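Right, one structure below, let's go through it.
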Amino acid sequence: MEQITRKAYAKINLGLDVIGRRPDGYHEVKMIMQTVGIYDVLTFQKRKATANSPCIQISIEQAEPGGEILPRDQGNLIYRAAALIMETRGIKEGVEITLQKKIPIAAGMAGGSTDAAAVFHGLNELFGLSMSPEDMKRLGVQIGADVPYCIMGGTALSEGIGERLTPLPTPPAAYLLIAKPDISVSTKYVYENLHADTLTWHPDIEGMAEALKAGSLSGIVERMGNVLESVTEKKYPVIGQLKEEMKAHGALNALMSGSGPTVFGIYREKKTAEKGYAAVRKLGLAKDIFVTEFVSP
Ligand code: ATP
């Protein structure tokens, strides 16, 4: 039987600003999103739906022993995305989805959203639904604010609650050292503890978009900034230590991604990024550490 396989890539935020809070409680953001070379793998296969077998069956392979065990029901964004698509499109058949989880969980790398995005692409192909990227993004935002971006991937300016997307050129080639300390950070906690109206500093997101258009790596790295660091870094000083360590070992700049706790450093040379990797590992500052690159779709 036909089986479809898709990679679901993680993202980092080269810049993240919060403009304010909307009356409905959502935060209005302005972010530069970037796909990176760390990914989960999902496979999709049709199966007969019967009275005693559920329409959506999920199995998960998680490499990380002792980490958070992901749910296989509505608690998983994969399930929610599949249920939404199948309900909206009136699909009566069943589907079996397997997930090989490699992206660190609750890390600020949109692991759940990118898996949900892969479900949109996967089921679109498996069931021949002919959904356009716009159709998928419109439906995807019901699962989560970052899902439309993950459906698109690459480099983008994200505005509104994350649903207004403008594609941007991929940054010039560089190497990334990405490290997640052994703590889990709840996105909800970080946003609840951010007082957007009292922020005295905002990163230059427009300037970064211009630097991307100009293909200037130095213009990009000098504008890296994330207002959520004011909450997460205060609670977890290891984030500040990681940034300092990366910069001390040749990173052009280093920043926390999303609501954290993952930190990334940008390097011109792979060799230097690998030295940074060794230094971070030696100090025991992070559990999951990767050297990777920017990815364009
Ligand atoms: P973001 O950057 O979008 O804030 P994140 O990287 O901080 O996301 P996720 O890895 O997406 O966080 O996980 C947040 C929570 O979502 C997890 O603690 C987990 O309980 C739940 N979750 C549901 N489905 C998934 C999934 N497929 N992968 C990871 N987490 C999932």
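The values are calculated or read from the model by the stated rules, or taken from the named source; none is laboratory data. Just so you know, these numbers come straight off a predicted model, no measurement behind them. Cβ atoms come from the backbone with ideal geometry, glycine included; neighbour counts cover every protein chain shown.
A few remarks follow.
- Residue within the stretch 48-55 that is of a type in the set (A, V, I, L, M, F, W, C), buried (at least 16 other Cβ atoms within 10 Å of the Cβ) and modelled with pLDDT of 95 or more present: no
- In this structure, Y236 does not satisfy being surrounded by 15 or more Cβ atoms within 10 Å (Cβ to Cβ), in contact with a His (Cβ under 9 Å, 6 or more places away or on another chain) and of a type in the set (S, T, Y).
- Residues located in the stretch 1-29, provided they are assigned to a strand (DSSP E or B) and farther than 15 Å from Y149 by Cβ: Q3, I4, T5, R6, K7, D17, V18, I19, G20, R21, H27, E28
- Looking only at the stretch 1-53, and only at residues there that are of a type in the set (S, T, N, Q) and more than 13 Å from the chain's Cα centre (by Cα), the one that is nearest to the ligand (Cβ to nearest atom): T43
- Of all residues in the stretch 219-244, those being of a type in the set (S, T, N, Q) and closer than 17 Å to L177 by Cα number 1.
- When the stretch 257-283 is filtered for residues that are in contact with a Phe, Trp or Tyr (Cβ under 8 Å, 6 or more places away or on another chain), in a strand (DSSP E or B) and closer than 25 Å to S184 by Cβ, only I266 remains.
- Check on I220, assigned to a helix (DSSP H, G or I) and surrounded by 21 or more Cβ atoms within 10 Å (Cβ to Cβ): yes
- In the set (1) in contact (Cβ under 8 Å) with a residue 12 or more places away in the chain; (2) assigned to a helix (DSSP H, G or I); (3) more than 14 Å from N76 (Cβ to Cβ); (4) not aromatic (F, W, Y), K92 fails one condition alone, (2).
- Close pairs from the stretch 54-82: first more than 10 Å from the ligand (Cβ to nearest atom) and of a type outside the set (A, V, I, L, M, F, W, C), partner at pLDDT below 90 and in a helix (DSSP H, G or I), Cβ under 7 Å, at least 6 apart: none
- Filter pass, I161 being out of contact with any helix residue (DSSP H, G or I) (no Cβ under 8 Å at 6 or more places or on another chain), at pLDDT below 95 and buried (at least 16 other Cβ atoms within 10 Å of the Cβ): yes
- Residue count for the stretch 197-232, restricted to those that are among the charged types (D, E, K, R) and at pLDDT below 95: 1
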